[in-house]
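The values are calculated or read from the model by the stated rules, or taken from the named source; none is laboratory data. Model, not experiment: these values are computed from the prediction. Ideal geometry is used to build each Cβ from the backbone, glycine not excepted, and the neighbour counts take in all protein chains shown.
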Amino acid sequence: MLNILKSITEKKIGFSVRNLSDSKRLSEIISIETSFDLNYNTIRRFFGIIKTVKPSNYTLDVLSKFNDFKDYNDFILNYHLKNRWKDEFNLVKILHNNDNLTLKYISENLHTNKNFTLRFTHIIRELILANNLTLVNEIFSLKQMNVSLFSYDDTIFIGTCIGQLLKKINLNKKKGQQIILNKNFQELVVVIYVDYENLYSYYQNILKILVKKSKRKDLIEFCKGVLNLDSHLRKKPQKLFYKLNYNDDFHPILKSRILAQQLFSSTKIISLEKYYQKNNLNDKIDIDYFFEVIFTSMVTKNFEVMKWIIDKLKDYFNFKYFYKYEQYENFALMNLLYFYKIKDLDCCEIWLKLISFDNFNRSYEKMFLQYVYIFQYHFSKNNQEINLKAYLKSSKTMYPNFFTKAYLLNYFE
């Protein structure tokens, strides 16, 4: 029965659990859907990724609950009852044979229960893989697909799961461009899944289409900002960079991205101070206002700006001030780079005890890991070859002319 439990779990999530990343992802999905925590190491043992041990009753119960059983005993007793899968069989039947019924099914079930979000993402992923882009566009045109109707967690989950298939959409076809320009698809997928790992390839083509054809001012500025990062990493001349337009109504993270553009060509702290005052950050600091400035200061090796951020956030040493742990990881990595630069190794040791390097935002993960390798190469003399090898391996598929060996060696010069 354990193998069956593994099989139906993988079937439900839509991917095989084969490595650490898969285990962490499943752990998050289980937590979101069931409110029970199942450690990713426990998942690794259960799926045989690392040395297995007999699973605890708690592990079996949580995985059974995740698969819509009351507990593991209920799973053993009722798994073989065919009527449990009636809905699944009916869904597969209409999904591949009747677009109108599929559209009706989604329309009637969206927002009715917490479990449907996971099923919805599976449907969309399958339709994209089947190249039924017309139906995907119709689904995202439903009034029920307005982003305001989804919780924050559901929005992130949908964007992350579906965003991984953006590369499968043929942008040379009208149907592909229609989906990218669909307002709800933009809100739920495009702006959530920022694929820095593939900014070097397909993702920049999506951004260019949006800059040219989108009517949303905030989205256009967002795309310009990311394309400017691409230009910086390709070492293009400044005259080819987009000029971004600031708006007081923009989201704090977009505001931080617009401010961060200055770091590609300037190090003037006065602009940062004006930004700080303009957004009334003296009374209450919103970490989102620093999000892209943190990232860009690392890319541009701007230690003066890092110091400015650290001074402004000196009271935010504790994770409790960050509403997402991934933001704390970003901030902590910047601290490590800065304190190593000024040779404050004691502070480096303190920060190393507070973070794991396992919780970066998925969109930024591969990019941030380059700076983890840079820090660890210089800080941990015993593992220099390991970190250099990992850094160069990643560089091969992500801006090899920017993330050079010289960039790593001279980062703190």
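Structure values in brief
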| read-out | value |
| --- | --- |
| The lone exception for Gln177 - which of (1) buried (at least 18 other Cβ atoms within 10 Å of the Cβ); (2) outside any helix (DSSP H, G or I) it fails | (2) |
| Phe295 hydrophobic (A, V, I, L, M, F, W, C), in a helix (DSSP H, G or I), under 30 Å from Cys161 (Cβ atoms) and modelled with pLDDT under 90 | no |
| When residues of segment 180-203 are limited to those that are hydroxyl-bearing (Ser, Thr, Tyr) and free of Cβ contacts under 8 Å to residues at least 60 places away in the same chain, the one farthest from Ser214 (Cα to Cα) | Ser201 |
| Top-ranked residue of segment 26-36 - restricted to ones that are in a helix (DSSP H, G or I) and without any contact (Cβ under 8 Å) to a residue 12 or more places away in the chain, ranked as farthest from the chain's Cα centre (by Cα) | Ser31 |
| For Asp218: the one exception among (1) modelled with pLDDT under 90; (2) within 19 Å of Val191 (Cβ to Cβ) | (1) |
| Within segment 353-368, tally of residues that are assigned to a helix (DSSP H, G or I) and either without any contact (Cβ under 8 Å) to a residue 12 or more places away in the chain or buried (at least 17 other Cβ atoms within 10 Å of the Cβ) (or both) | 3 |
| Test: residue in segment 151-163 that is within 24 Å of His96 (Cβ to Cβ), touching a Gly at 6+ places or on another chain (Cβ under 6 Å), of a type in the set (A, V, I, L, M) and surrounded by 20 or more Cβ atoms within 10 Å (Cβ to Cβ) | no |
| Yes/no for Val147 being hydrophobic (A, V, I, L, M, F, W, C) and under 30 Å from Ser394 (Cβ atoms) | no |
| Among (1) free of Cβ contacts under 8 Å to residues at least 40 places away in the same chain; (2) assigned to a helix (DSSP H, G or I); (3) not assigned by TED's automatic domain parsing to the domain that holds Thr117 - the single one His232 does not satisfy | (1) |
| Tally, over segment 109-143, of residues that are part of a helix (DSSP H, G or I) and either in contact with a Cys (Cβ under 7 Å, 6 or more places away or on another chain) or closer than 22 Å to Gln164 by Cβ (or both) | 22 |
| Residues of segment 41-62 that turn out to be farther than 19 Å from Phe75 by Cβ, of a type outside the set (Lys, Arg) and not in a loop (DSSP other than H, G, I, E, B), as a count | 1 |
| Contacts under 7 angstrom Cβ, first residue in segment 1-14 being on the phi < 0 side of the Ramachandran plot, partner exposed (fewer than 13 other Cβ atoms within 10 Å of the Cβ), 6 or more apart | Glu10/Ser16 |
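Condition check ((1) closer than 21 Å to Asn228 by Cα; (2) in the same structural domain as Leu95 (by TED's automatic domain parsing); (3) free of Cβ contacts under 8 Å to residues at least 40 places away in the same chain) across all residues:
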position	(1), (2), (3)
Leu127	no, yes, yes
Met145	no, yes, no
Cys161	no, yes, no
Asn170	no, yes, yes
Lys174	no, yes, yes
Gln178	no, yes, no
Asn205	yes, no, yes
Ile209	yes, no, yes
Lys213	yes, no, yes
